[in-house]
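Working notes, beginning with the structure itself.
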Amino acid sequence: MTARNTRRLTPAIVALAALGALATPARADLQLCSRMSYVVEAAIAIEDKNAAATRGWFRIDPGQCRTVLQGALPGENLFVHARALPVYGGSPLPQRGHADFCVGTDNFVLPAARNCNRAGQKIARFTAVKPSESEKGLTAYLAEDSEYTDEQARTAGIQRLLVIAGYDANPLDGIRGAWTDAVLAQFIADNKLTNTAAGRTDFFDILIAAAQKPDGAAFAWCNGTRHVVMAALGVEDKGTVVTRGWYQVAPAKCLRPDLSGKPRRIYSFGEAIGPDGLAIQDTGRPMAWGGSTILCTRNVKFELGDHRDCAGSGLTATGFASVDLSGGGATVHFK
């Protein structure tokens, strides 16, 4: 198999809605507001002349705002980077941005962020922003192409995690209609929560915990290795099979891929990768979990529906395992 560097899909800011211009000098706190349907962790970069500093991570739930900097903005330019939580398995969209700066794996403050010289640091693509100014301070928005309002982003975020947890909350439209209310009520009843649980400040934590459980009526991958596993999924759709990837399954974690409808059969493939993005070798062969059903994949994020000639189309012919969901659900364990 080929190198997997391009599979490390950094969850991204799909768009940044910024209104107005940045006051000079800034005299108010800076807050980031999320109008995305993903729970994200954000980092900021501040550039002043030839110097740059970064800090993160700030978790922001859909429809939520969070103060990320207090007092005057100590620099000329502001940049933002965001990544989705591991429960989503990968990036919502490839990163768009304007500049590269260093970030840390965990919470970090890096006063010299142009060169990543220490362990645990890596380069990330940031997007330049010009926050709006109001009596509440400076505000920059993380947003998707769907252009949700704050309320719609929260609803779409709930819908997305319900689907990952095995509930049919499609479509992910941010509309709190009768169907979404019915699915949400079922989730609340199944988890023995109060009727007002959806309004709790920790409700996204509850949804994330449910989405990471391997049991239930949905499909899940569980990674029992000490390596990151990149997984791909094939779903039957109107007489053909559509493959999608890659989903990142962290060591000792479970992940439910987003499945629309109620398919009776799906196809699964997984491959362990190292920190360099290359496939882990086990007794001279890639450490992989698949089967005899040949479907097409590619090294970067993909969604493919034509599997007649993988090599002739510049794709990789990959052996997928067939997974029967007619009994209500299944879990594939990477061991």
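The values are calculated or read from the model by the stated rules, or taken from the named source; none is laboratory data. None of these values were measured; they are calculated from a predicted model. All Cβ positions, even for glycine, are placed from backbone atoms using ideal geometry, and neighbour counts span all protein chains on display. These accessible areas exclude ligands, DNA and RNA; they are computed on the full protein's heavy atoms, side chains included. Shrake-Rupley method; radii C 1.70, N 1.55, O 1.52, S 1.80 Å.
State the number of residues belonging to region 307-322 that are surrounded by fewer than 18 Cβ atoms within 10 Å (Cβ to Cβ) and in contact (Cβ under 8 Å) with a residue 40 or more places away in the chain. If you could, list the steps in order and put the result at the bottom.
Kept after step one, since they are surrounded by fewer than 18 Cβ atoms within 10 Å (Cβ to Cβ), are these residues of region 307-322: 308-309, 311-314, 316-317, 319, 321-322.
Add one more test, that the residue is in contact (Cβ under 8 Å) with a residue 40 or more places away in the chain, and what stays is 316, 319, 321-322.
Adding up the residues that qualify gives 4.
I'd like the residue in region 151-166 that is under 30 Å from ALA45 (Cα atoms) and not small (Gly, Ala, Ser) and, out of all such residues, is most open to solvent (accessible area, probe 1.4 Å). It would help to see each step written out before you state the result.
Going through region 151-166, the residues under 30 Å from ALA45 (Cα atoms) turn out to be 151-158, 160-161.
Among the residues that remain, those that are also not small (Gly, Ala, Ser) are: 151-152, 154-155, 158, 160-161.
Numbers: GLU151: 140, GLN152: 66, ARG154: 70, THR155: 15, ILE158: 10, ARG160: 34, LEU161: 0 Å².
Checked region 151-166; the qualifying residue most open to solvent (accessible area, probe 1.4 Å) is GLU151.
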Picking from ALA169, ALA210, ALA198, ALA189, the residue that is open to solvent by 50 Å² or more (accessible area, probe 1.4 Å) and of a type in the set (A, V, I, L, M) would be ALA189
Based on what the data block shows, is ALA250 modelled with pLDDT under 90, among the hydrophobic types (A, V, I, L, M, F, W, C) and over 30 Å from TRP179 (Cβ atoms)? yes
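Only one of these is aromatic (Phe, Trp, Tyr), out of contact with any helix residue (DSSP H, G or I) (no Cβ under 9 Å at 6 or more places or on another chain) and open to solvent by less than 10 Å² (accessible area, probe 1.4 Å): TRP289, TRP221. Name it.
TRP221
Does GLY291 satisfy being modelled with pLDDT under 90, over 20 Å from the mean Cα position of the chain (by Cα) and not aromatic (Phe, Trp, Tyr)?
In short, no.
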Step by step: first the residues of region 239-280, then only those that are assigned to a loop (DSSP other than H, G, I, E, B), surrounded by fewer than 22 Cβ atoms within 10 Å (Cβ to Cβ) and charged (D, E, K, R), then the one that is farthest from the chain's Cα centre (by Cα). Which residue is that? ARG264
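Would you check if LEU161 is outside any loop (DSSP other than H, G, I, E, B) and more than 18 Å from MET36 (Cα to Cα)?
On the way: outside any loop (DSSP other than H, G, I, E, B): yes; more than 18 Å from MET36 (Cα to Cα): no.
Considered against the rule, which asks whether it is outside any loop (DSSP other than H, G, I, E, B) and more than 18 Å from MET36 (Cα to Cα), LEU161 comes out as no.
Considering only region 112-128, state which residues are open to solvent by 10 Å² or more (accessible area, probe 1.4 Å) and either of a type in the set (Phe, Trp, Tyr) or in contact (Cβ under 8 Å) with a residue 60 or more places away in the chain (or both). Step through it out loud before you land on a result.
Of region 112-128, the ones open to solvent by 10 Å² or more (accessible area, probe 1.4 Å) are 112, 114-123, 125, 127-128.
Matches in region 112-128: ALA112, ARG114, ARG125, THR127.
Restricting to region 196-224, name every residue that is at pLDDT below 90 and in a loop (DSSP other than H, G, I, E, B).
Quick first cut of region 196-224, residues at pLDDT below 90 only: 210-224.
If the condition is that a residue be at pLDDT below 90 and in a loop (DSSP other than H, G, I, E, B), then GLN212, LYS213, PRO214, ASP215, GLY216, ALA217, ALA218, GLY224 are the ones that fit.
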For ILE280, indicate whether it is within 22 Å of PRO171 (Cα to Cα) and either aliphatic (A, V, I, L, M) or modelled with pLDDT under 90 (or both). no
I'd like to check something: does region 139-150 contain any residue that is surrounded by 13 or more Cβ atoms within 10 Å (Cβ to Cβ), within 23 Å of the chain's Cα centre (by Cα) and assigned to a helix (DSSP H, G or I)? yes
Looking only at region 47-84, count every residue that is in contact with a Gly (Cβ under 7 Å, 6 or more places away or on another chain) and surrounded by fewer than 19 Cβ atoms within 10 Å (Cβ to Cβ) and tell me the total. 1
